[in-house]
Amino acid sequence: MKPLDDLLAAAVRAPQRIVLAEGEDPRIIEGAAKATRDGLAKIVLLGNPGVIAERLALVGANPADFDIVDPAEAAQTEAYAAAYFDLRKHKGIDRGAARAAMADPLKFAAMMVRQGDAAGTVAGAVATTADTVRTAFQIIGPAPGVKTVSSFFLMLLCEPHHAKKGALAFADCGLIVEPSVAELAEIAISSADSFRALIGEVPRVAMLSFSTDSSASHARVDRVIAAADLVKSQRPDLIIHGDIQFDAAFVPAVAASKAVDSPLEGEANVMVFPNLEAANIGYKIAHRIGGAAAIGPILQGLAKPANDLSRGCSAEDVYHIIGVTSVQAATQ
């Protein structure tokens, strides 16, 4: 998988310090061990040091190659609790509650990133997506100027049956259920920038619809057109077309007949779906029927990287997300 190989090679060139909140989970242990052996990142594992050391040894890893931190006994806990109190006191958090919060590995990991003791964080093998994303949003917070934190999947077309090889970004497959015009535009801009940072290619953005160039008249089509126009006004450097159907965005022969004047010319690589329902269904069809490898959901728009894993993730998924998070941290 050349796009994935290139991304992992970028991680190796500039490995970042990545904290894994669920450090006792066997999949996290195995993925972290492989990432460390391959030089993707400098790994911090949160949890019981004895349990983690024992499980690292079971997969042939040397515990000395990792920073293993127990949030309940860490030297940073009091400083993190004070910082968390300052951050959340307007929500009624007192100092005792702030200290108790730092026993939560998700919050401790996010504070490590916020305080600059780690460059990014990964969780979600055990925690729910809601808890993982909420913690990242509350503690790490959005990047300056960003109002919409969203997500995308990297879809890798690398199998022999794929007529067109390469990487695509599908957004937003995980967070924003029914984006407004402004949110849809921000999802498109964030996804284009994420694709360029991770894949190193010029983003070509398709604002997807069931219509191409107003071939259908509907309020949902109007919303996509308005979002595309907003992107063009805010980021005139981006190659973008909307409203456009997937086939006209992806297949040059179809584009030549249905979207003659499209700047995408059937070569879109950033697919922005009109809502979460369409995006989630679309990436799962591409993955399960089309055989595309799916990496994500990858969060974007945060001040520093924090990524979510599926609770059904494999050790290989953990390994890949560590690599993605390290590259995000190096390029932000």
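A61: more than 25 Å from the chain's Cα centre (by Cα), open to solvent by less than 20 Å² (accessible area, probe 1.4 Å) and touching a residue at least 24 places away in the same chain (Cβ under 8 Å), yes or no? When the stated conditions are applied, A61 passes them. A count restricted to segment 1-14 and to residues that are open to solvent by 50 Å² or more (accessible area, probe 1.4 Å) and either closer than 14 Å to H320 by Cβ or among the small types (G, A, S) (or both) stands at 4. Within segment 64-77, the set of residues being open to solvent by 70 Å² or more (accessible area, probe 1.4 Å) and among the hydrophobic types (A, V, I, L, M, F, W, C) comprises A64, A72, A75. The criterion of at least 1 residues that are surrounded by fewer than 19 Cβ atoms within 10 Å (Cβ to Cβ) and in contact with an Asp or Glu (Cβ under 6 Å, 6 or more places away or on another chain) is met by none of the strands (runs of 3 or more DSSP E) falling completely within segment 147-258.
All told, D104 falls short of being modelled with pLDDT under 90 and over 14 Å from A306 (Cα atoms). What tally of residues in segment 152-192 results from selecting those that are among the hydroxyl-bearing types (S, T, Y) and under 18 Å from E267 (Cα atoms)? Final tally of qualifying residues: 1. Out of curiosity, is V224 of a type in the set (V, I, T), closer than 25 Å to L156 by Cβ and at pLDDT 95 or above? No. Note on segment 15-29: among residues that are open to solvent by 40 Å² or more (accessible area, probe 1.4 Å) and part of a loop (DSSP other than H, G, I, E, B), the one that is farthest from A169 (Cα to Cα) is E24.
The values are calculated or read from the model by the stated rules, or taken from the named source; none is laboratory data. On a predicted model such as this, the values are computed, not experimentally measured, just so you know. Counting neighbours? That spans all protein chains shown, and the Cβs are built from the backbone with ideal geometry, glycine included. With ligands, DNA and RNA removed, areas are computed over all heavy atoms of the protein, side chains included. Shrake-Rupley method; radii C 1.70, N 1.55, O 1.52, S 1.80 Å.
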